[in-house]
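Data block below; observations after.
The values are calculated or read from the model by the stated rules, or taken from the named source; none is laboratory data. For clarity, every value in this text was computed on a predicted model and none was experimentally measured. As a convention, Cβ positions derive from the backbone with ideal geometry for all residues, glycine included, and neighbour counts pool all protein chains shown.
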Amino acid sequence: MHELSVTEQLLDVTLEHAENAMASRVLRIDLVIGDLTGFMEESIRFYFDILSEGTKAQNALLKIARVPVRARCGECRTEFTPGEGNWRCPLCQGPLKEIINGREFYVESIEVE
Amino acid sequence: MRKVEVITQVLNANDLTARENRALLKDHHVLGVNLMASPGAGKTSLILQTAQTWAGRYRVGVIEGDVASRIDADRVASRDIPVVQINTGGECHLEALTVQRALKTLPLDEIDILFIENVGNLICPVQFQLGEEVRVVVASVPEGDDKPYKYPGIFTAVHVVVLNKIDLAPYVDFGLDAMRQGVSSLNPGAELFEVSCRTGEGVAKWAKWLGSLARSQ
């Protein structure tokens with residue numbers, strides 16, 4: 001359900017940049033989604049088709065790049081992808097210090113004409 | 001065809017409004033606390049118990065977010081605490097703009113700590129900043145000790161985990177150590193408070209900690 005308002009905002013960002021570029025049509029949108037956000041690709045696509053109808057972004061190709069979670073160990077500084085049910089460092093079992101990737105949610109670029 | 005670089009956060013508009021809210025709260029020396037949890041974990045009970053523990057030492061205000069009804073707001077108002085109810089009408093989280101409207105109707109100069117009780121949901125509320133200084137997830141014993149691993153998005157993003165209903169631990173399969181380990185592995189910097197809003201156990205410690213943050217506003 002939350003993808004509805006999120007997709008509205010995605011469309012706003014897209015159309016604003018298309019407008020600034022004086023484009024008549026958006027052909028492709030490159031969107032980046034981190035795995036920690038919990039945003040569902042399918043729902044975003046579903047709402048995008050409905051919301052973009054009649055706009056410059058209608059029928060645009062929505063390319064979504066997923067970014068897996070990456071954390072840095074607080075002990076040995078190793079970067080790792082946490083396992084299911086285990087977020088300790090796989091090398092030294094230390095606790096994570098920070099999350100490096102996984103929270104991304106941005107439009108990288110658009111292709112227009 | 002040409003490529004246009006965008007590099008813009010999708011939730012940029014919400015983030016900007018949240019920044020305005022944060023500035024407004026700061027101007028009025030109000031500590032904003034975003035309370036998130038699954039439905040029924042005890043968010044409203046925690047607000048009421050905390051306010052009771054403070055006994056007027058800190059002045060409390062509340063924004064209640066629910067899909068429908070004024071049930072929670074009425075509970076809060078019955079204790080003479082200023083409260084605004086937001087009904088999202090289906091949306092499963094609060095956004096900065098709806099909170100901004102609510103802030104305009106609250107007597108901010110008469111509030112030290114503002115609890116913003118989010119819609120009961122462990123997934124999307126954390127994506128939407130509201131202007132808070134402190135992000136809290138309220139977990140409860142009957143939900144199970146594996147919740148941090150199942151909802152890493154929220155458990156890694158909060159400053160505090162309040163584990164409620166610890167009085168029920170003897171009656172359900174709940175590993176307190178497993179919960180503690182889950183929280184500390186996902187979010188080693190997070191505070192963990194173990195409370196029971198029903199018996200009052202542990203509430204004073206949490207209330208003291210939160211109150212100390214208000215003083216620095």
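Side notes on the structure shown:
- Yes/no for A:Val26 being under 25 Å from B:Lys3 (Cα atoms), of a type in the set (Val, Ile, Thr) and in contact with a Lys or Arg (Cβ under 6 Å, 6 or more places away or on another chain): yes
- Pair list, Cβ < 8 Å and 6+ apart or interchain, from region A:98-113 residues that are more than 7 Å from chain B (Cβ to nearest Cβ) and touching a residue at least 60 places away in the same chain (Cβ under 8 Å) to residues that are in a strand (DSSP E or B) and β-branched (Val, Ile, Thr): A:Asn101/A:Val67; A:Gly102/A:Val67; A:Glu104/A:Val32; A:Glu104/A:Ile33; A:Glu104/A:Val67
- With a requirement of 1 or more residues that are surrounded by fewer than 16 Cβ atoms within 10 Å (Cβ to Cβ), in contact with a helix residue (DSSP H, G or I) (Cβ under 6 Å, 6 or more places away or on another chain) and on the phi < 0 side of the Ramachandran plot, the strands (runs of 3 or more DSSP E) lying completely within region A:36-113 that satisfy it span A:61-67.
- Criterion violated by B:Ile123 - all others in (1) farther than 19 Å from B:Ile47 by Cβ; (2) under 12 Å from the mean Cα position of the chain (by Cα); (3) at pLDDT below 95 satisfied: (2)
- Region A:43-60: number of residues that are away from chain B (no Cβ under 12 Å) and under 21 Å from B:Val126 (Cβ atoms): 1
- Taking the listed residues B:Thr199, B:Thr156, the one that is of a type outside the set (A, V, I, L, M, F, W, C) and either crowded, with 21+ Cβ neighbours inside 10 Å or at pLDDT below 95 (or both) is B:Thr156, with no other qualifying.
- Residues that are in contact (Cβ under 8 Å) with a residue 40 or more places away in the chain and either touching a His at 6+ places or on another chain (Cβ under 7 Å) or farther than 23 Å from B:Leu130 by Cβ (or both), drawn from region B:162-194: B:Lys165, B:Met179
- Selection within region B:162-182 - assigned to a helix (DSSP H, G or I), buried (at least 23 other Cβ atoms within 10 Å of the Cβ) and more than 10 Å from every other protein chain (Cβ to nearest Cβ): B:Met179
- Selected residue (criterion: surrounded by the most Cβ atoms within 10 Å (Cβ to Cβ)) from residues of region A:13-35 that are over 15 Å from the mean Cα position of the chain (by Cα), within 19 Å of B:Leu16 (Cα to Cα) and within 9 Å of chain B (Cβ to nearest Cβ): A:His17
- Among (1) away from every other protein chain (no Cβ under 14 Å); (2) over 25 Å from A:Tyr106 (Cα atoms); (3) touching a Lys or Arg at 6+ places or on another chain (Cβ under 6 Å); (4) free of Cβ contacts under 8 Å to residues at least 40 places away in the same chain, the one test that B:His159 misses: (2)
- B:Ile7 vs. criteria in contact with an Asp or Glu (Cβ under 7 Å, 6 or more places away or on another chain), surrounded by fewer than 17 Cβ atoms within 10 Å (Cβ to Cβ) and free of Cβ contacts under 8 Å to residues at least 60 places away in the same chain: yes
- Selection status of A:Arg77, more than 8 Å from chain B (Cβ to nearest Cβ), farther than 22 Å from B:Lys150 by Cα, under 15 Å from the mean Cα position of the chain (by Cα) and at pLDDT 95 or above: no
- Residue in region B:23-35 that is within 14 Å of chain A (Cβ to nearest Cβ), outside any strand (DSSP E or B) and touching a residue at least 24 places away in the same chain (Cβ under 8 Å) present: no
- Answer residue from region A:1-12, given it is without any contact (Cβ under 8 Å) to a residue 40 or more places away in the chain and closer than 12 Å to B:Thr8 by Cα and is surrounded by the fewest Cβ atoms within 10 Å (Cβ to Cβ) among those: A:Asp12
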